[in-house]
C-alpha cells in the first residue's frame, strides 16, 4: 500500500533538467501580457505595501482588473517587484524556479499514483513534461506564472490526498483542501482537479468503492465550498467599478480573440470542441509551428465537418476505452481521462472564453498526454515498468541501467528533439518585438497580430525615434489589421492619432471618420475626430462629434475642453461659458484645462481682463507659468496693447517665470 522510497538522484536530475531547459529565458524582458499584470498594475508596482490591495478584487474596466481574481499570483509579482525594483530578471528566475519545483512535485505525485510500477515510469513522464515545447509560453511569459502556481498547488493537494490514502492521517485531508484553495487563488482553472481527485482515487484500485466514496464525500463538498465562496466574492465585488465609469472604455469584439465566441448551437459547439482536441493533439505530437496567438483569422469555426467528426470519433473512442479498460490499463486510462478532464474547460462548450486556444491551455492537460505518450512509446520498444523489490532506494543510474540500449536511445532521441525545439522557442519570447516578428509570417491572415506588431513598432518609434522604413512598416501593419477586420478598434485609434500627431491631418481624419461609421456608439473615435477638426479650425464640424463623445463618456475632461473652445470659436459664447463652468465643478483635478478654456473664450469675446484673470488661475492648478504668461503676453500683442504686454512680461521676469532678453 505504501510508496517505496526513491533515491534523491531522481529529484536532483529533475530539478536541474527543468532549470537548465529554461535557463535561456533568465535574461528576457517583459513580454505579451506581462504589461497587463505587471507594467500597468500600480498595485503590483507598490511591492510589499500593495499586497493588502492585491487580496481584494477590483472590477473596473481597466485591463489590469480584467485579469481574474488571482491574488496569490499577483502577490508573488509584487514581491518580485519589490526585490528587483521592477527589473524582469528576477521575475523570470522565479518562473523557472517555480516550474522546477512543480516538476519535482509532479514526479512525486506520479510515483505515488503509479506506486506499483518502477520509478522510471514517473521519471520519464516528468522528463517529457519538462522538455516539451508546448510549455514555453507558460514558463517564458511571466504572466503565465498563474498556470505554474495553480498546477503546483493542485499537485501538492493531490500529493496530500495520496498520503492520506497511505497513512489515514486526517491532517492530509486538511492540507488537501488548503492547497487546492491556494491553487484556485492562483488561477481558476484549478477547478479541474475536482474530477481528477476522483479518478486518482479510482486509480488506487486497492481502496474499494466504499472507501473511495467516503473520501470523495469529504473532499468534493469542501472543494466546492471554496470555489463558491471565492467566486461569489470575486464576481460581486463593487471595488473599482466607479474608477472607470463614464470614461467610455471600449472592449473590443470578443470574436477577435475567439472565433467561436458567438457560436450558440450546441451541436456546433461539440464539433468545434472536437476540432480543438485534434489541434491540441497535433501541437503535442508535432510542435513545429507554435504561435503566441490563435484567434480570429488564424482559426475558424468548423461546426460539424470532417475534422470535427474525426475529433469526435477519436475523443469518444479514447474516453470509452479509458473507462472500460481502467482496471486492466490503469496508467494509460488515467492519462487519457486526465487529458480530457483538464482540457474540458478550454473547449468552449459550457463557457466561451476570450481566447480560442493557447499553448497555456494545454499546460494542465499535457500531463495526461505525457502519461499516454510514454506508455505508447514503452509499448513500441517493449519496455515494461514492473517494479523490483529492493531494500535500498533505487538509484536513477541503476534504474536507467535496466533499460536496453534501444529503449534508452528511443526515449533519449525524442527528449532531445523536444528539448532543442523548446530551447529555440524560448528565444522567441525574449521581448514583445521578437515574439510578434517571429510569429508574424504564420499569422498573416489574423487582424490582431498585425495590430500587435504595429503597436510594438510604434513603441519603438516613440522610444528610439522614427525612420521612414520603420514608419512605413508600422503603418502597413496597422492598415493590414484594419483591412482584415471591421471589428478591430484600437488599431484605428492608434493609427489615427499617429497620423494626426505627424501632421497628416487629412489621413488621420479619414481613419477616424471610418471608425465613427463602424463604432457609432463609442466615444474615442468621436473625441479624436472632433479634436482633429479643432486642429484644422473646422469648429462647426467638431461640435457634433464632441457632444456625442461627452454623451457616451461624460467623464472625459478633454472633450469638455475642446467643445467649450469650439463653442467659443463659433460665437456660441453662452454655451461655451456654461460648459466651461460646468467643467470646473465636474473635474476638480482638471481645473487648469477649464480655466484655459475660459481664457480662450473670453479672448474670443474681446474681454481681455477676464481672459487674463482666468488664464492666470491655471498656475494655481498646476499650469506651466511660462506658458501661461507667454499666452497672456501674446494675446495683448495680438490686440495691439503693448503696454499690458510689457507689464505682464515684467511680472513674469520678477517672479522668475521668464528670463530677461
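The values are calculated or read from the model by the stated rules, or taken from the named source; none is laboratory data. Just so it is clear, the model here is predicted, and its values are computed rather than measured. Positions of Cβ are generated from backbone atoms using ideal geometry, with glycine treated the same way; all protein chains shown enter the neighbour counts.
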Quiz item: Does at least one position in segment 308-324 carry a residue that is without any contact (Cβ under 8 Å) to a residue 60 or more places away in the chain, in the same structural domain as residue 276 (by TED's automatic domain parsing), loosely packed, with under 14 Cβ neighbours inside 10 Å and closer than 28 Å to residue 252 by Cβ?
Solution: no
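Yes/no matrix, rows are residues, columns are (1) in the same structural domain as residue 525 (by TED's automatic domain parsing); (2) under 44 Å from the mean Cα position of the chain (by Cα); (3) surrounded by 22 or more Cβ atoms within 10 Å (Cβ to Cβ); (4) modelled with pLDDT of 90 or more:
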{"position": "568", "(1), (2), (3), (4)": "no, no, yes, yes"}
{"position": "597", "(1), (2), (3), (4)": "no, yes, yes, yes"}
{"position": "628", "(1), (2), (3), (4)": "no, yes, yes, yes"}
{"position": "652", "(1), (2), (3), (4)": "no, no, no, no"}
Quiz prompt | Odd one out for residue 129, checked against (1) touching a helix residue (DSSP H, G or I) at 6+ places or on another chain (Cβ under 6 Å); (2) closer than 30 Å to residue 233 by Cβ; (3) buried (at least 24 other Cβ atoms within 10 Å of the Cβ) | solution = (2)
Self-check item: Matching helices (runs of 4 or more DSSP H) fully within segment 451-533 where at least 3 residues are surrounded by 15 or more Cβ atoms within 10 Å (Cβ to Cβ) and more than 29 Å from the chain's Cα centre (by Cα)
Solution: 505-518
Self-check item: Verdict on residue 549 being in a helix (DSSP H, G or I) and in contact (Cβ under 8 Å) with a residue 60 or more places away in the chain
Solution: yes
Self-check item: Odd one out for residue 201 among (1) in contact with a helix residue (DSSP H, G or I) (Cβ under 9 Å, 6 or more places away or on another chain); (2) within 17 Å of residue 57 (Cβ to Cβ)
Solution: (2)
Quiz prompt | Which numbered condition residue 272 fails, given (1) in a loop (DSSP other than H, G, I, E, B); (2) crowded, with 17+ Cβ neighbours inside 10 Å | solution = (1)
Quiz prompt | Lone qualifier among 417, 336 - being surrounded by fewer than 19 Cβ atoms within 10 Å (Cβ to Cβ), within 33 Å of the chain's Cα centre (by Cα), over 30 Å from residue 252 (Cβ atoms) and not assigned by TED's automatic domain parsing to the domain that holds residue 23 | solution = 417
Quiz item: If you scan segment 170-180, which residues turn out to be surrounded by fewer than 21 Cβ atoms within 10 Å (Cβ to Cβ) and in contact with a helix residue (DSSP H, G or I) (Cβ under 7 Å, 6 or more places away or on another chain)?
Solution: 172, 173, 175, 177
Quiz item: Is there any pair linking a residue in segment 376-393 that is under 21 Å from residue 113 (Cα atoms) to one that is modelled with pLDDT of 90 or more and in a strand (DSSP E or B), with Cβ under 8 Å and at least six apart or on different chains, and which?
Solution: none
Quiz item: Residues of segment 225-259 being over 19 Å from the mean Cα position of the chain (by Cα), surrounded by fewer than 16 Cβ atoms within 10 Å (Cβ to Cβ) and not in a helix (DSSP H, G or I), which ones?
Solution: 237, 238, 239, 245, 246
Practice problem: Looking at (1) surrounded by fewer than 16 Cβ atoms within 10 Å (Cβ to Cβ); (2) in a helix (DSSP H, G or I), find the lone condition where residue 354 falls short. | Solution: (2)
Quiz item: Pick from 54, 124, 90: which is farther than 30 Å from residue 165 by Cβ, touching a helix residue (DSSP H, G or I) at 6+ places or on another chain (Cβ under 6 Å), modelled with pLDDT of 95 or more and not assigned by TED's automatic domain parsing to the domain that holds residue 367?
Solution: 90
Quiz prompt | Of all residues making up segment 306-331, the number that are farther than 18 Å from residue 281 by Cα and touching a helix residue (DSSP H, G or I) at 6+ places or on another chain (Cβ under 9 Å) | solution = 8
Practice problem: Need at least 3 residues that are over 22 Å from the mean Cα position of the chain (by Cα) and farther than 30 Å from residue 232 by Cα per element, so show me which helices (runs of 4 or more DSSP H) inside segment 12-121 make the cut, counting only ones lying wholly within it. | Solution: 88-113
Quiz item: Which one of these does residue 303 not meet: (1) in contact with a helix residue (DSSP H, G or I) (Cβ under 9 Å, 6 or more places away or on another chain); (2) in a loop (DSSP other than H, G, I, E, B); (3) at negative phi?
Solution: (3)
